[in-house]
Amino acid sequence: MTGLFPDMSSEDLLAHIRASLEDDKAEDITTIDLRGKSSMADYMVICSGRSTRQVASISDKLKDRLKQELGRTTKVEGKDQGDWVLIDAGDIIVHVFRPEVREFYQLEKMWMAPGSVTAQA
């Protein structure tokens, strides 16, 4: 782990990320538990912004909060286009989509087991 809180659990980081997304009015926040499914991360969080501007803003603020409050650097992809931004926070991968793009890619269906329940805001 990196940052000011090297012992922070992925669950604590997840709570911090979800709080940031909720503060910035992200919509349809979905958490997918990847433990045992993938070694890339413990959780994937998928949410939507209503416009390219909101998608960029949500991702910028999340990146800034993780850096300022937790000392955690993130990798960000796709911010320039604003349709789909990926934020790699280590144990957690966050996808921020415009609704149309999210519907097109349907990541939830790809990663969730049939009949599984997700935590949504």
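Please treat every number below as a calculation from the coordinates, not as lab data. As the structure is a prediction and not an experimental result, all values here were calculated from the model. For neighbour counting, all protein chains shown are included, and Cβ atoms are generated from backbone atoms with ideal geometry for every residue, glycine included.
Using alpha-carbon pairs under 8 Å, 6+ residues apart, how would you state the relative contact order of the chain in percent?
It comes to 29 percent, rounded to a whole number.
Grab the other residues whose beta carbon is less than 13 angstrom from that of Lys109, score K and R as +1, D and E as -1, and report the net.
-1
Can you compute the radius of gyration and Dmax for the chain, using only the Cα atoms, both in Å?
According to the Cα coordinates of the chain, Rg and Dmax are 13.4, 38 Å.
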